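The values are calculated or read from the model by the stated rules, or taken from the named source; none is laboratory data. None of the values given here were measured: they were computed from a predicted structure. Neighbour counts are summed over all protein chains in view; Cβ atoms, including those assigned to glycine, are modelled from backbone coordinates with ideal geometry.
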Amino acid sequence: MLGLLPLSLYVHLPWCVRKCPYCDFNSHEYRDGRGGPPFEAYVDALLADLDVDLPLVWGRSVHSVFFGGGTPSLFPAAAIDRFLQGASARLRFAPGCEITLETNPGTAEHGRFEDYRRAGVNRISFGIQSFDDGCLQRLGRIHDSGQADAAVKLAQDAGFDNLNLDLMYALPGQTLAMAERDLERAFALQPAHISHYQLTLEPNTVFAVRPPAGLPDEDAAWDIQEHCQARLAEAGFAQYEISAYARPGRQCAHNLNYWRFGDYLGIGAGAHGKLTLPAAEGEGEGRILRRWKHKHPATYLAQAGTAAAIGGDSEIPPAQRPFEFMLNALRLREGFALNAFETRTGLPRSAIAAPLARAVDAGWLVVAGDRVAPTEAGLRFANDAISLFLTGEDADGTVSA
Ligand SMILES: C[S@@+](CC[C@H](N)C(=O)[O-])C[C@H]1O[C@@H](n2cnc3c(N)ncnc32)[C@H](O)[C@@H]1O
Ligand code: SF4
């Protein structure tokens with residue numbers, strides 16, 4: 001039986017000063033001097049977009065908000081403030097609601113962080129990537145390591161104590177010692193959270209077409225990951241997801257809600273939402289809906305607030321739900337409770353009995369009472385473990401493709 005799940009709000013702000021050659025996010029370059037992004041019109045569009053989605057979440061409270069990009073820190077605090085005021089007039093924000101803003105250190109200005117805080121932002125996520133100036137250059141970043149340090153300190157001086165630093169590893173020209181130095185520089189800034197991503201060559205990026213020289217091979221990348229994981233643990237950052245490490249109690253509530261297969265509204269160009277809709281009278285079980293918005297900022301701006309801005313709606317049919325659930329839950333060290341599987345997919349636990357047994361046999365998952373959690377091997381080979389659930393087994397025991 002589908003339950004009522006925690007609700008988050010994702011807000012996509014799609015512009016960057018310069019497009020990084022490794023990045024496949026929906027982010028579009030604008031250059032200073034040719035006029036900045038249309039901040040005010042975009043906030044109007046976001047609020048109109050939210051109005052269209054509101055009937056899907058009547059009466060529910062929002063537990064986290066995440067401004068992602070692109071580079072949300074390009075937006076003046078006044079624009080973020082106007083959006084948050086408009087959103088909180090339309091939706092109830094739960095007490096203690098986590099509100100994160102992604103920030104590129106190259107866009108940090110004195111005074112701006114105070115204003116973000118006044119607007120209600122209580123968590124900043126910095127795209128640091130590396131503290132090595134050579135690596136930063138090869139990654140096409142707009143800032144150097146000194147600016148990264150300074151930006152984090154500005155945020156701390158403004159009273160932010162809930163900070164995440166994004167680092168990437170297996171960078172062109174990076175040795176294990178360099179990756180470890182990046183971590184030490186991050187620790188010195190005393191963040192609450194570190195995201196540690198392996199650089200991937202995403203299709204449709206400059207790096208996919210022209211891979212940079214000096215990329216560590218698979219073994220070297222694994223070596224860096226293992227050593228860094230140990231160093232993060234020693235420094236008090238517990239790994240709770242494949243790439244996410246936090247001090248006690250400082251996990252990212254917003255991302256945890258995704259990984260626990262919670263519900264979220266997605267507004268802004270190209271944003272995706274996932275919502276569990278209760279059953280109408282006589283309609284049976286209820287539905288899980290995915291909705292996404294038009295990707296290109298200009299199209300989105302022109303259409304937001306009308307049905308045309310919705311890029312698509314699709315239901316997650318019962319047969320796909322085990323895979324979609326595992327795609328998220330098996331990234332988490334804590335795994336999931338079978339009970340949560342039932343309320344979040346609307347399926348009985350028997351629906352995954354066969355693939356679960358195969359994953360246990362393979363040494364990827366362990367079951368203890370109601371809990372299922374990945375082993376070390378299960379986290380390392382998460383994609384293989386998850387793919388076992390591509391073929392679900394129905395409640396009556398029949399296997400569906
Ligand atoms: C939307 S960006 C964060 C904020 C801001 N745009 C910035 O880059 O400073 C999200 C994060 O994803 C990570 N990321 C982006 N592309 C990646 C790739 N190809 N491989 C690994 N991590 C990547 C980076 O660490 C980046 O900070
Ligand atoms: S600044 Fe961030 S979102 Fe923008 S292109 Fe670079 S990695 Fe992508």
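If the Cβ limit is 7 Å and pairs must be 6+ apart or interchain, which residue in region 292-321 that is closer than 21 Å to ASN26 by Cα and outside the structural domain of SER387 (by TED's automatic domain parsing) pairs with which residue that is among the polar types (S, T, N, Q) and buried (at least 17 other Cβ atoms within 10 Å of the Cβ)?
As it stands, the answer is HIS294/GLN303; LYS295/ASN26; ALA309/GLN303, since those pairs meet every condition given.
Looking at region 57-71 only, could you name the residues that are within 16 Å of ligand 1 (Cβ to nearest atom) and more than 13 Å from GLY36 (Cα to Cα)?
Residues satisfying the conditions are VAL65, PHE66, PHE67, GLY68, GLY69, GLY70.
Return the residue satisfying two criteria in turn: it lies in region 273-303 and is part of a helix (DSSP H, G or I) and small (Gly, Ala, Ser), and of such residues it is farthest from PRO14 (Cα to Cα).
That would be ALA302.
Is region 38-45 home to any residue that is under 17 Å from the mean Cα position of the chain (by Cα) and either assigned by TED's automatic domain parsing to the domain that holds ALA208 or within 13 Å of ligand 1 (Cβ to nearest atom) (or both)?
No, because not a single residue in region 38-45 is under 17 Å from the mean Cα position of the chain (by Cα) and either assigned by TED's automatic domain parsing to the domain that holds ALA208 or within 13 Å of ligand 1 (Cβ to nearest atom) (or both).
How about region 132-151: which of its residues are touching a residue at least 24 places away in the same chain (Cβ under 8 Å) and either in contact with a strand residue (DSSP E or B) (Cβ under 6 Å, 6 or more places away or on another chain) or farther than 12 Å from ALA186 by Cα (or both)?
GLY134, CYS135, ARG138, LEU139, GLY140, ARG141, ILE142, HIS143, GLN147, ALA148, ALA150, ALA151
Right, SER27: under 30 Å from GLN198 (Cβ atoms), in the same structural domain as PHE160 (by TED's automatic domain parsing), within 12 Å of ligand 1 (Cβ to nearest atom) and in contact with a Cys (Cβ under 6 Å, 6 or more places away or on another chain) or not?
In short, yes.
For LEU189, are the conditions met, namely being more than 27 Å from LEU327 (Cβ to Cβ) and crowded, with 17+ Cβ neighbours inside 10 Å?
yes
Taking region 1-49 as the search range and keeping residues that are at pLDDT 95 or above and touching a Lys or Arg at 6+ places or on another chain (Cβ under 6 Å), which one is nearest to ligand 2 (Cβ to nearest atom)?
That would be ASN26.
Considering every residue within region 17-24, establish whether at least one is of a type in the set (A, V, I, L, M, F, W, C) and outside any loop (DSSP other than H, G, I, E, B).
No: zero hits.
Let me confirm something: among ALA79, ALA89, ALA94, ALA148, which residue is more than 13 Å from ligand 2 (Cβ to nearest atom), buried (at least 17 other Cβ atoms within 10 Å of the Cβ) and at pLDDT 95 or above?
ALA79
For region 310-331, which residues satisfy the criterion of being surrounded by 20 or more Cβ atoms within 10 Å (Cβ to Cβ), out of contact with any Ser or Thr (no Cβ under 8 Å at 6 or more places or on another chain) and among the hydrophobic types (A, V, I, L, M, F, W, C)?
Of everything in region 310-331, those that are surrounded by 20 or more Cβ atoms within 10 Å (Cβ to Cβ), out of contact with any Ser or Thr (no Cβ under 8 Å at 6 or more places or on another chain) and among the hydrophobic types (A, V, I, L, M, F, W, C) turn out to be MET326, ALA329, LEU330.
Evaluate region 41-59: report whether one residue or more is assigned to a strand (DSSP E or B) and in contact (Cβ under 8 Å) with a residue 24 or more places away in the chain.
No, region 41-59 contains no residue that is assigned to a strand (DSSP E or B) and in contact (Cβ under 8 Å) with a residue 24 or more places away in the chain.
Residue check: is GLN174 over 29 Å from ASN26 (Cβ atoms), away from ligand 2 (no atom under 16 Å from the Cβ) and at pLDDT 95 or above?
no
Yes/no matrix, rows are residues, columns are (1) part of a helix (DSSP H, G or I); (2) of a type in the set (D, E, K, R); (3) closer than 17 Å to ILE386 by Cα; (4) at pLDDT below 95:
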residue: GLY305; (1), (2), (3), (4): no, no, no, yes
residue: ALA308; (1), (2), (3), (4): yes, no, no, yes
residue: GLU324; (1), (2), (3), (4): yes, yes, yes, no
residue: GLU334; (1), (2), (3), (4): no, yes, yes, no
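Within region 235-290, count every residue that is of a type in the set (A, V, I, L, M, F, W, C) and over 28 Å from GLN198 (Cβ atoms).
8
Can you tell which of GLY236, GLY270 is outside the structural domain of GLU334 (by TED's automatic domain parsing), free of Cβ contacts under 8 Å to residues at least 24 places away in the same chain and in a loop (DSSP other than H, G, I, E, B)?
Only one candidate passes the filter, namely GLY236.
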